[in-house]
1. Among the residues of the range A:68-89, which ones are without any contact (Cβ under 8 Å) to a residue 60 or more places away in the chain and in a loop (DSSP other than H, G, I, E, B)?
2. Given the range B:82-201, what helices (runs of 4 or more DSSP H) lie entirely inside it while holding 3 or more residues that are in contact (Cβ under 8 Å) with a residue 24 or more places away in the chain and closer than 30 Å to residue B:60 by Cα?
3. Test residue A:216 against the stated conditions and say whether it is among the aliphatic types (A, V, I, L, M), over 21 Å from residue A:102 (Cα atoms), surrounded by fewer than 18 Cβ atoms within 10 Å (Cβ to Cβ) and more than 17 Å from the chain's Cα centre (by Cα).
4. What number of residues in the range B:128-139 are more than 29 Å from the chain's Cα centre (by Cα) and more than 7 Å from every other protein chain (Cβ to nearest Cβ)?
5. Which numbered condition trips up residue A:120, out of (1) farther than 24 Å from residue A:141 by Cα; (2) surrounded by 13 or more Cβ atoms within 10 Å (Cβ to Cβ); (3) at pLDDT below 95?
6. Within the range A:14-58, can you find the residues that are among the basic types (Lys, Arg) and under 12 Å from residue A:221 (Cβ atoms)?
7. When you scan the range A:127-177, how many residues do you find that are acidic (Asp, Glu) and free of Cβ contacts under 8 Å to residues at least 60 places away in the same chain?
8. Is it true that some residue in the range A:36-53 is closer than 27 Å to residue A:209 by Cα, among the charged types (D, E, K, R), within 14 Å of chain B (Cβ to nearest Cβ) and surrounded by 20 or more Cβ atoms within 10 Å (Cβ to Cβ)?
Amino acid sequence: MINLSLDNISYTIKKKVILKQLDFDLSSDNFILMTGQNGSGKSTLLKILSGLLKPDSFYLSYAQDISVKKNWSVSKNYLRGTFCYLHQTPYLFSGTVFDNIAYGLKQHLFSKRRLKWCEINHKVNAALKMIDLQHLSDRPSHALSGGEKQRVAIARSWVIEPDFILLDEPFANMDKQSRLSTYETINQLKEDNIGIIITSHDPHNGELKFNRHFHLHQGNMIEKFIPE
Amino acid sequence: MDDLSTATSQAFVLLLTGNAELWEIIAISFSVSFRAILFSAPLAILIAFFLASFQFPMRRFLIALFNTAMSIPAVVVGLTLYLLLSRAGPLGDLKLLFTQEAMILGQMLLCFPLLVALSYAALQSLDRRAWETAITLGAHPIRAFFSVLKEAHFGLMAAVIAGFGRIIAEVGSSMMIGGNILHHTRNIPTAIALETSKGSFAQGIALGIVLLIMALALNLFLSYIQGRGELSL
């Protein structure tokens, strides 16, 4: 299990303060709901956590060695290898569903971590089975529905085995059936001990068993109590 | 009218009977322009990627500069290179004037701004999520760059084909710095200009037909790779 401590995360854009010196810790057994009004900085924070957006200030330390604080330039690659970010409307590359899920597995062609074709095939098929979309393996990505795209994007993140998956408004514009399937997929991630942060406006009616709740308001973040 | 039809039929005879001189001119033309596009496209696409993806000082100025340079006349490029490469010029020692290498240089300068501007348009219209998705899925920035190029390949192909179209048909620069020397630097446009000035239209028309067929073939190829439209009225 991974424990991280994040300190002094600030982000300003065009003189507007989006995030104000946030301090919090994360653990890969966390299942976090992140709420806040539109423009409160939820997506910004997720992008910073996943190493996609450079903050004004940032310090990261691991729980094993909490005294050593690493700045952004040192932490960026670690964050990119630890967190996987999913956009509100996921971007699927041109090609088939299989190609998309295999994308992250083909990124180490020239290193010792390179996977054999049969291993990639095996992992992608396992991911397709998890999201129950084996029958769409050869379908072009542009021919999928919104809900299917979201589930393919989740499976694509799952196969690369990140410690955390960050989902930005995954249920926006989804019909009820797609929403139920996506809940099921996310709960599956949790069973695989992947830390999850979800930004959402929806109440979810208890389908997702969050164990922490962060709320962003005017650049500050508070942790809310989650009743049993 | 009779002259035109006679010249056209003679042009087809020249083409179909494999006139060596004619086909040599065609070969030189394609060889020079292919090399010019091959050497300039990678750097142009890289610059377009940086212009489309990152904020840095002078970015807007550079975009305006490349857009302006798209319309630079070929003769101005030819004249500038002529002055630079001529014996008295600063690059005279290279002895490049009236060589295919000089023609390639001229054509590279001509197509480069067009390649940058059109590639920039293709890459800028691409969703930023493509880059972020590649990075968050563990791609090294260089691989993410190639993934983004793959996503924009229709637009980039169109840019390369437009660049090729610009240089294969340009006459000003090739004439001035190539010198229109038979067997060496005579390409399709300079040959057409020469034959027309001599009143020998058949070869000019034959070469014009080759240019038109090539343009049609390239556009058919582009249409093919772009696939069929999916909207229905």
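The values are calculated or read from the model by the stated rules, or taken from the named source; none is laboratory data. Quantities reported herein were computed from a predicted structural model and do not represent experimental measurements. Reconstructed Cβ throughout: ideal geometry from the backbone, glycine too, with neighbour counts over all protein chains shown.
1. A:68, A:71
2. B:100-124, B:141-151, B:153-168
3. no
4. The number of residues fulfilling the criteria is 1.
5. Just one mismatch for residue A:120, condition (1).
6. Selection gives A:20, A:42.
7. 5
8. yes
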